[in-house]
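Written below as structure tokens is the structure these notes are about.
What follows is calculated from the coordinates using simple rules that are stated; it is not laboratory data. These figures come from a predicted structure and were not determined experimentally. Glycine gets a Cβ as well: all are built from the backbone with ideal geometry, and neighbour counts include every protein chain shown.
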Amino acid sequence: MLEKLAKQTAIYGISTIVVRFLNYLLTPYYTRIFDQATYGIVTDIYALIPFALVVLSMGMESSYFRFSTRAEEAGGDVAEGKRRVFATTWGATILNAVIFFVVVLLFNAPISSAMGGAYVQHPEYVPIVAAIVMVDVWTMIPFSRLREQGRAMRFVLLKALNVLLNVSLAIGFGVAGLYASAFGVGWVFVANLIASIVTLLLILPSTERTIPRIDRALMRKILVYSLPLLISGVAGTANEFIDRQMIKYLTPGGELVALAELGIYGAIVKIAVIMTLFTQMYRLAAEPFFLAGFKKEEFKEANAAAMKYFVMASMLIFLGIALFRDIFAYIVGSDFREGIDILPLVLAANVLAGVWFNLSFWYKREEKTKYAAYITFLGLAVTLALSFLLVPKWGYRGAAWVRLAAEAAMVVWSYILCRKHYPIPYDLRRIGEYVALAAAIYITSELLLPHLPYAAWMALNVLLFVFAAGYAVWREKIDLKALIRAVLKLSTR
């Protein structure tokens, strides 16, 4: 049963890694042409965009998957039922995005003022970013439809084109010397907007001429399901971006110092790209997979197994980056490497975020999405409380600890609720085994660092990582050759 999930995850994974790698080429580029404060503006904007996307999407992506499954279960004209779900969810998100863009245009001046002096000097940045958000929202449901239909390669090709165009334009603007103009870092956002518009034009044919039209009766049912997801999504995304805002507004020393701290933090977070990519590729495959029409016991069995393998893979990625963080530090410019010590904390937080995502499927499947709001608001409360305590003292280092604590709190409460309302037989012993092994290896490496020549220490890290990977393959009896053959066969379809 998990073979399909593994294959889909691998397809999304291989392609997403390639695509996102191209996108993350901008990190070493930007951190070498911009100073810390200027890159802080980039970090600030790209922390706010996901928050806006979550608010405007209103949980419609998960709703689209769930109500498409309902259309299949209802029988009759399934194609027409799915088309109605698509038209309604797409129409709702389009309407939200247009309203958002108009409001930003009308209130550009106060919004720019609230965001800080850098935006007061360049109020034109705000409507450009709002346009990016609007166009990206317009493409969200069509992209979800491709995932629901299992058209992974088309999904990935369109995403790849978006990134390639964005990266090419961003670097091209730099080569042309536009970043040295008065408009400055605004050209970063112009490149993104152009890429988003082109992607929208290219994905429209996949909608099969469906006109976005809101079916009011269906919309009421969807909102009952999606509004708790919206609330939890807002709180959850706030957890993802509010650490940047806490650095921006709580760091003492003035706006330039705060933006510099934000720039360093944002650059180090980008180094954790592989962990982020793994969680993303898993999400792309797992969401439509687990929200399909499984029988209850089949769902529990699949989710328990998926959790174990997710943690196993995450621990290997954690070690692969944390043990060799000095090498990964060269991804960013030299001015940003002083923050490399927070990388293990960011990686650990990303692992916990993936665990929490796995723990969310039961209440999405059972349509008890109110629990999502409870859990994410706990995380937000922890983030806010600890941020006011730690960020003014420790700056971006405090923000990294806050992020880890918030993710841990959400995982613990998610698990407690799962045990109480929908017990799933997670293999805690095996999961704990992989976590303990990774922790022991990392701590051992750190303890030996002061006592070994650097070359010997790096060689030891290689041996430790190979041991961890070999142990996982042996413990789970994984046939790597068979898995690779299956993925290659599926990717050629």
Which of Leu460, Leu428, Val411, positive extreme of dipole for the chain (C-beta unit charges): Leu428
Peptide ranges 410-416, 351-357 listed from the most packed, as the mean C-beta count within 10 angstrom indicates: 351-357, 410-416
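Grab the alpha carbons of segment 186-281, take their convex hull, and tell me the volume per residue in Å³. Present the calculation step by step, with values, prior to reporting the outcome.
Details: hull volume 17.3 nm³, N = 96.
Convex hull volume per residue, Cα atoms: 180 Å³.
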Ranked list, fewest to most other Cβ atoms within 10 Å of each Cβ, for Thr444, Thr369, Thr69, Thr376: Thr444, Thr69, Thr369, Thr376
Using alpha carbons only: equivalent-ellipsoid semi-axes of segment 300-441, gyration tensor based, whole Å: 29, 21, 11
Cβ-based net charge around Gly81, under 9 Å, with every Lys or Arg adding one and every Asp or Glu removing one: +1
Loop sites in segment 210-259: trypsin sites (Lys or Arg not before Pro), DSSP, at most 14 other Cβ within 10 Å: Arg213
Exposed-loop-free span, longest in the chain, where GluC sites (Glu not before Pro) count as exposed if DSSP calls them loop and at most 16 other C-beta atoms lie within 10 Å: 209-365
Longest to shortest principal axis, alpha-carbon extents of segment 137-241, angstrom: 53, 34, 23
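For Phe336, Phe361, which order do you get if you count the other beta carbons within 10 Å of each Cβ and list the fewest first?
Values: Phe336 27, Phe361 23.
So the residues, fewest neighbours to most, are Phe361, Phe336.
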Structure-derived P(r) over Cα pairs in 10 Å bins from 0, in percent: which label, when the choices are [x] 4, 16, 20, 19, 16, 12, 8, 4, 1, 0, 0; [y] 4, 18, 30, 29, 15, 4, 0, 0; [z] 4, 20, 28, 22, 15, 9, 3, 0: [y]
